[in-house]
1. Restricting attention to segment A:179-199, which residues are more than 14 Å from chain B (Cβ to nearest Cβ) and either open to solvent by less than 50 Å² (accessible area, probe 1.4 Å) or of a type in the set (A, V, I, L, M) (or both)?
2. Test of understanding: among B:Ala154, B:Ala142, which residue is part of a helix (DSSP H, G or I) and either charged (D, E, K, R) or over 21 Å from B:Arg284 (Cβ atoms) (or both)?
3. Identify the residue in segment A:297-329 that is among the polar types (S, T, N, Q), part of a loop (DSSP other than H, G, I, E, B) and surrounded by fewer than 21 Cβ atoms within 10 Å (Cβ to Cβ) and, among all such residues, is nearest to the other protein chains (Cβ to nearest Cβ).
4. Scan segment B:97-123 residue by residue and report those that are in a loop (DSSP other than H, G, I, E, B) and among the hydroxyl-bearing types (Ser, Thr, Tyr).
5. Would you check which residues across segment B:200-222 are surrounded by 15 or more Cβ atoms within 10 Å (Cβ to Cβ) and either within 14 Å of another protein chain (Cβ to nearest Cβ) or closer than 21 Å to B:Glu265 by Cα (or both) and list them?
6. Of the residues in segment A:333-365, how many are within 30 Å of B:Ala368 (Cα to Cα), away from chain B (no Cβ under 14 Å) and of a type in the set (Ser, Thr, Tyr)?
7. Do you know which residues across segment B:312-367 are in contact (Cβ under 8 Å) with a residue 40 or more places away in the chain and among the charged types (D, E, K, R)?
8. I need the full set of residues from segment A:63-91 which are under 22 Å from A:Ala158 (Cβ atoms) and either touching a residue at least 60 places away in the same chain (Cβ under 8 Å) or surrounded by fewer than 19 Cβ atoms within 10 Å (Cβ to Cβ) (or both), in order please.
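The values are calculated or read from the model by the stated rules, or taken from the named source; none is laboratory data. Please read all numbers here as calculations on a predicted model, not as lab measurements. Neighbour counts run over all protein chains shown; Cβ positions are idealised from the backbone, glycine included. These area figures cover heavy atoms from the full protein model, side chains too; ligands, DNA and RNA do not enter into them. Shrake-Rupley method; radii C 1.70, N 1.55, O 1.52, S 1.80 Å.
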Number of protein chains: 2
Amino acid sequence: MEKIKRREFNRIFSCGLGAAALLTGAPWACAMSGQNKNKESLGIALVGLGSYSTYQLAPALGQTKFCHLAGIVTGTPSKERRWASQYNIPSNSIYNYENFDSIADNDSIDIVYVVLPNSMHAEFSIRAAEAGKHVICEKPMAMNVAECEAIIQACKKAGVKLGMGYRLHSEPYTKEVKRFVRERTFGDILYVSTEAAYRSTGYPDQWRLNRALSGGGALMNMGVYAIQSAIYSTGQNPISVTAQEFSTRPEYFKETDETITAQFEFSNGAVANIMTSHNIWANRLKVSCSDGWFQLEPASSYGPLRGASSDGAIKFPHQSQQKLQMDDFARHILEGTVNRAPGEMGKRDMIIVEAIYESIANGNSKIALDLGQMGIVSDR
Amino acid sequence: MEKIKRREFNRIFSCGLGAAALLTGAPWACAMSGQNKNKESLGIALVGLGSYSTYQLAPALGQTKFCHLAGIVTGTPSKERRWASQYNIPSNSIYNYENFDSIADNDSIDIVYVVLPNSMHAEFSIRAAEAGKHVICEKPMAMNVAECEAIIQACKKAGVKLGMGYRLHSEPYTKEVKRFVRERTFGDILYVSTEAAYRSTGYPDQWRLNRALSGGGALMNMGVYAIQSAIYSTGQNPISVTAQEFSTRPEYFKETDETITAQFEFSNGAVANIMTSHNIWANRLKVSCSDGWFQLEPASSYGPLRGASSDGAIKFPHQSQQKLQMDDFARHILEGTVNRAPGEMGKRDMIIVEAIYESIANGNSKIALDLGQMGIVSDR
């Protein structure tokens, strides 16, 4: 048995196997840790070099401790040259959508981060898993629940880790909200009012307005933040949903939903009222409790976020949320720390998205949900 | 023709009749002004001496310029003595519910303010009108639309003025909101999020929890503020409503609605999402516009209110809202200024209340409304 470093010791223990696995040196103790063994920092390949990769993820990867930008996957040759030069990416770590699968042979790349239009999430997450790479998938996880499940199964089969690009679970304001809920700082959670929305006035040919590429409009985009925040503000999955759709600029939003409101019931008695839109500026989370309140506004922007509660201001130094997120996921792989946003969470949110669309299609009627603890992560 | 004082001249003119009426001295020029002629301050009788009369209206009437506390109507003899002594009310201006109609003979009382449980609003508003008194009716106007219409017709027939107890239309923060809407300060109104709610944990035998007396729960109480604010924040009446009801403490809210959310569509493209509750602490109005935002929080409490916009803080000196409201109504009678909250406004709000209950009863389905300009007051 090779000398076991402290980090690896922790990793094996954190898999919940502990001494037995350690003593037998079982190779399956942490299925994912094999190829990343002894690495201090994991290599990430970004798939899709749009604005989120360009202005958020790549800069964040210049600040991460446990991962770094190691490769790119793009369909645009001019981007290859620009990124290679700016980030010193070796030519053998640059892929296009056709030769992507050969990434399996590239030991410098441990994680594939899928930052493509929604319609390509499932395909590239699954191809990444089949290439033996850990996967981060941007939100929404895929076009529908069936695709989410396919991604989860592919990762399971390949023995790779799967995380959602839910950056907020790693940033301090959201973690503070989760602490309030966990510790009942303000008593019972009674009501969550949350909005995640922006006003789109740009090119009408952007992929988010194209149903074949996006699968839906505001709900499939900012709506996921609203759903997420309703859940981490209550610590529960909803047990029912009602929803409404509003259209005021059909000439611009030809194929995708413009504004959606939805209401969730929770088994602990909380009620959430969410709004998401591509036509409205709003970004806020307010939670009314039996013994006070707390709020974030903005609540899901790239930050700095701002917070307050009935006890006063909530204030944390601003850090890149994407840096925190990717380091958390890398540490999950390297050290076995908790996966703050596993694939099950993305799938659960897609179940809720589909229930919202179903309510709208059924005259705003109430849709019951039976999610149990799916996607609920205890990550104190 | 008697000498016409400037105030009376203004009054006749403001009735929209102008020179012709003036020249003929037509007695119907302002039907309501006869008995109040030459008064500088109108006498108000409060009907129902519960906490709102005790802690808000009576103190406010100590500050009003154009009206004063002149009489009381109560079913509780011990209150008669206490109020008579505290406010120097002569014994011939004290009534009970049986002898109330003889108020017709009391020239010291010009206005009857109905502050009773909802089930008694219609009866006492109509009896007041039939006694020839102007009427202020607390919100909600009555138990249903039919009762609202009966009140309006009774006041019309008696030639008396009718105002709703909608104090916010007279206070500066709400007037500022209406100015923003009128002047398009922040561009198009896109989204209104508003909550008017408190958490009831008091005696379960209070009248607000008794359907026979209240006609409904949160919606018939705080819900009216939420409906009102959605309308004055858009300057329009809704063209449709969807609604949802939530129940988490049925053992306490045995007969009345606990929490209701509702969504309004407006013909100018705005959407409103309202929440009202007897189980949640929340009091807020936020309006998202194409070029900014504005908000009040609290938005409908007795004040001080607080406001902010994308241009900075909104700040006005605090004054008693009830003082401002009652003086506005008295000036409407004395000087012909605008009636900021006429009976039509209360009736319109009850039409919306009924539509919300109808949506809930019909599986949350969308209910179309055809309100035109009903209750919309241009009161710059």
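1. A:Phe180, A:Val181
2. B:Ala154
3. Applying the filter and picking the extreme gives A:Ser310.
4. B:Tyr97, B:Ser108
5. Selection gives B:Ser200, B:Ala218, B:Leu219, B:Met220, B:Met222.
6. Count: 1.
7. Within segment B:312-367, B:Lys323, B:Asp327, B:Asp328, B:Arg331, B:Glu335, B:Arg340, B:Glu344, B:Lys347, B:Arg348, B:Asp349, B:Glu354, B:Lys366 qualify.
8. Passing the criteria: A:Phe66, A:Cys67.
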